[in-house]
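One structure is given below, encoded as structure tokens.
Derivation of every value follows stated rules applied to the coordinates shown; laboratory data play no part. Please read these numbers as outputs of a predicted model, since none were measured by experiment. Backbone-built Cβ (ideal geometry, glycine too); neighbour counts: all protein chains shown.
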Amino acid sequence: MKSIASELAYFLRGRARQNLKLLLTYCAFLIGLILIYATIFRVLMLHLEGREFTMIAGIYWTITVMTTLGFGDITFHTDLGYIFATLVTVSGVIFLLIILPFGMVSLFIAPWIEDRLRHAHRRDLPEDTSGHVVVFGVDPVTQSFMRRLKARHIPFVAVTGDLQQAQLLAEETGFKVVYGSPTEPKILDGLRIAAARQVIANLSDPENTNICLAVRARCNTPVTAIVDDPEHVGLMRLAGASQTIPLKKILGNYLATRSTTCGVQAHVLDTFGALLIAEIAVHGTPFVGQTLAQAQIRQRTGLAVIGIWNRGRFSLPQAETILDDKDLMLLAGTRQQLDAMEELTGEQPAEDLVFILGHGRIGCAAAHFLDKRPVPFILVDREINPNCEDHIPVIGDATTPQILRQLRVNEARGVIITTNDDSTNVFLTLNSRHLNPNIRIVARANHEENVEQLYSAGADFVVSNASVGASILSNAIERKETIFLTEGIGIFLRPLPPGLDGKTILESRLRPQTGCSIVAMIPNERGHIIVSPAPETTLTTKMDLLFIGTPAQEETFDRLYPRPASS
Ligand code: AMP
Ligand code: ZN
């Protein structure tokens, strides 16, 4: 009963109320028309055919003719009568069978269904909701991030101002979705922001600034804002963002570090205190073709090789693993040890040239990165980038057959393919490989599902916007206890579980029990970091442990060794 009343109440609000008035006016017009026809019917019948009918019979005849029912029990027998009956039928078809249903659908049914759908995604979160992540703005990055939250059983809600997207997302992913604008106070209150664990702002820079201000006006819930233009970082902080992520700049840097074909520089992914987790390309180092045992990286630099990436696949290193030209090594160690590594890998060769196909924000960031090295590069884009005053690109569609050939891509060492369209990126990967079999191709995947296709097309490294963005966001909410390296592998820090103090790593049986390997032991007060500790190293509560493992292994660890609530 209550729901019927609330549905009826819809027709008395706002636009629906105006439309209702319109409908009543139209009905009044129809009644008037029927009365006029009925009167004319009676007059014609009396004067043409000498038959007298009551007004009720006149209305009955008009309605049966207008609705095309025409029972045939009352009919004219004169030409004028036929003409009148035809006129009544035609106007009935137009006014009753065409205009009325069309008006009902467009003015009532469609807006009513839309309103219902809108309300389906407008419900306030339950009163007891807390510890949830509120994500403003749904794109491949936040979608990938939310999939990770789901896998880790962290509650979250996505907010979007696009009704169709809200419906699709809820249907296809089962995510909790709220339809609304972040500037609506009612929406913010309904999201229970004050009880939330984290707010992620992933809209345009001005909208993100608004979100920061609106959240700050209510509570202290941390806000992580993805910033489009790195120059807006300060503004966003002023508005109250606890963390700002210039994602496109980071992606540009990721692409650029992987593209340089010259001497090798490590790219720091993250830090745990003084311990750095970094990547370094094998290409250009003296280690190409050697096994890890032969390379003696640990003995020469103190760094631990904790993983190897080969064309997007991650593996844990073994002594006999051969270092391929296309590999990336994942390293753990201190700044000094990384410096020692960079020294060992030598100077950059004088001749180098990198193509950057796509001069949007990400391509521009990659260009800035190469500028600093300095590595010469050629930019190609269909249009001028209005946000960049530092670079002069070659203007043209990179997919046109001659352009890359004319620019002599065959002489380049590397190419960064970074347009906003994945099929264009696949095409450019194929074409670059065709024109220059030895070129180092670093391609950007705008959607995670296209990563494999880019590798198949011949890319050496694929950087997925969604994966990188989601990893950074995950780090933000995990308070840096975990780094997601790639989809199935992460690094996480834990204090020594009780009961293991004084045991050696071998005796602790941590690896056989959980599957996780210890990457490093990090002192929780003062002392030296021990990277890749030997099995006979003694465990102590003074050292936290840094593990590498899959999310499932991490969960096993936490199940076997639950952490005290305070940590
Ligand atoms: P962003 O997503 O901000 O990195 O921008 C992507 C850039 O790729 C834009 O500047 C586009 O103009 C550019 N772009 C897209 N398709 C092509 C193409 N076929 N050739 C050259 N540039 C392209
Ligand atoms: Zn630029």
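Just a few scattered comments:
- Relative contact order computed over the chain (Cα-Cα under 8 Å; 6+ residues apart), in percent: 9 percent
- Spatially, the stretch 417-454 and the stretch 535-562 are offset by 38 Å when compared through their Cα centroids.
- Cut-off under 5 Å, modelled amide H: who pairs with Ser464 long-range: Ala445
- Dimensionless Rg/Rh of the stretch 135-177 - Kirkwood Rh, Rg from C-alpha atoms: 0.92
- DSSP beta bridges fully contained in the chain are about 55 percent antiparallel.
- Total lysine pairs under 20 Å (Cα atoms) in the chain, excluding pairs fewer than 8 apart on one chain: 7
- Computed from Cα atoms alone, the Kirkwood hydrodynamic radius reported for the stretch 490-567 is 12.5 Å.
- For q = 0.16, 0.17, 0.21 Å⁻¹, Debye-computed log10 I/I(0) when each Cα of the stretch 39-189 counts as one equal scatterer: -0.89, -0.96, -1.21
- Table column - 3J(HN,Hα) (Hz), the stretch 229-234, Karplus curve with 6.51, -1.76, 1.60, x for Gly and Pro: 9, x, 5, 8, 4, x
- For the chain, the extents of the C-alpha atoms along the principal axes are 120, 65, 43 Å, listed from largest to smallest.
- Proximity of backbone amide H atoms, modeled 1.01 Å from N, is registered between Phe377 and Val354 at under 5 Å, excluding neighbours fewer than 5 places apart on the same chain.
- For the peptides 381-393, 228-240, 274-286, residues were scored by their other Cβ atoms within 10 Å and the scores averaged per peptide; the highest-first order is 274-286, 228-240, 381-393.
- Calculated mean residue ellipticity at 222 nm for the chain: -12500 deg cm²/dmol, from DSSP H runs with n ≥ 4 weighted as -39500 (n - 2.57), summed, divided by the residue count and rounded to 500.
- Dipole magnitude (debye, nearest 20) for the chain, charges at Cβ of Lys, Arg, Asp, Glu: 1180 debye
- Helix runs (DSSP H) in the chain reaching 30 Å along axis by Cα, Kyte-Doolittle at least 0.5: 14-49
- Kirkwood hydrodynamic radius of the stretch 206-306, from inverse mean 1/r over distinct Cα pairs, in Å: 16.7 Å
- The amide H of Val268, built 1.01 Å from its N in the peptide plane, has Glu279 as neighbours under 5 Å, considering only residues 5 or more places off or on other chains.
- Quick note on the stretch 23-117: its Rg to Rh ratio, both from C-alpha atoms and Rh being the Kirkwood radius, is 1.12.
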